[in-house]
Structures are given as C-alpha cells and as structure tokens.
Amino acid sequence: MVDRDLHVMPRASYRPFHIVLVPIAMVCFIGALATDLAYWKSAEMMWADASAWLLAVGLLFGLVAIIAAVVDAFTRRLSLMQGPIWLYAICNALILVLSFLNALVHSRDAWTSVVPMGLILSTATVVFILIAGWICWALIDYESTGVEP
C-alpha cells in the first residue's frame, strides 16, 4: 500500500519569500534614523555618510522585496495573511517613497543633508515601519502557520 500523504509538502515550505527581505530594509531605515540622530548631536560627517549608505542599501533591499512580494502574490504564498493586504502594501510603499525622498535630502552637503528635513523623514519612516509591522502581525493567521501533518 502506498501512503497518499507522502507527496504533500509541509505548509512551512509555502511561506512568503519577501518576509525574509523586508526586515533587512527596515533595519537599514531604522539605522538611518540612529545615524541621523548621531550626526545631529555630533556634527561628525561620518554619521551623515553612514545614513546615506544605509538609505541606499535599504532602498535596494526594499525594491528586491517588492519584486519578491509580487512573485509571492502570483504564486499564492500570501495565503497566511488574512484580511486587507492592500493596507500592508500601501504602508510599505509609503516607507519606500519616504526613504527615497530622504535619500535625496541626504545627497545635499553638510548640515542641511540631515537637519531638519532628514531627521523628519527618518522619523516618519520609522513610524510607518512600526505601523506596517503591526499591520503584518495583525494580518497573519497564526492558527494555520504550523506544519500540516
């Protein structure tokens, strides 16, 4: 006799791939706020440069995460998220737009590259990161995230 359940893949193998990439971008954006605050307090140019690099890396990983999210959507890997996924997507898109504008502000020279607009944009980005994290946490159906027998 052949066991018919042997060909069934565990549910854990169907998790969305973009979930792996999003935290990398988010940590870079939070790090940009930290380095902006360090520059504001010390006026050491190294911190402004670090912010610019963190924003660039965060935007790169954010764009790759968008591509992965589109692939996840077409391959139905977003089935663990129940509810208005569009709200989560809009919040993440807003994070990338704010970060892009922040990168443009950080391309300026000296003090004006961070204070005050860079700090405002970095703070707004982190606030939206917290909101997106809360939305994602609220949308995941935790009862069906385990491995099916």
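The values are calculated or read from the model by the stated rules, or taken from the named source; none is laboratory data. All values derive from a computational prediction rather than experimental measurement. Here Cβ is always computed from backbone atoms with ideal geometry, including for glycine, and neighbour counts include all displayed protein chains.
Taking the conditions (1) crowded, with 19+ Cβ neighbours inside 10 Å; (2) among the charged types (D, E, K, R); (3) more than 18 Å from the chain's Cα centre (by Cα) in turn, residue 77 satisfies each one other than (3). Every condition in (1) over 19 Å from residue 21 (Cα atoms); (2) out of contact with any helix residue (DSSP H, G or I) (no Cβ under 6 Å at 6 or more places or on another chain); (3) at pLDDT 90 or above holds for residue 93 except the one numbered (1).
Of all residues in region 67-97, those that are part of a helix (DSSP H, G or I), of a type outside the set (Phe, Trp, Tyr) and more than 18 Å from residue 130 (Cα to Cα) total 11. Scanning region 109-129 for residues that are exposed (fewer than 14 other Cβ atoms within 10 Å of the Cβ) and not in a helix (DSSP H, G or I) yields 109, 116. Whenever a residue of region 131-149 is part of a loop (DSSP other than H, G, I, E, B), its partners that are modelled with pLDDT of 65 or more, lying with C-beta atoms within less than 7 angstrom and at least six residues away or across chains, give the pairs 141/82.
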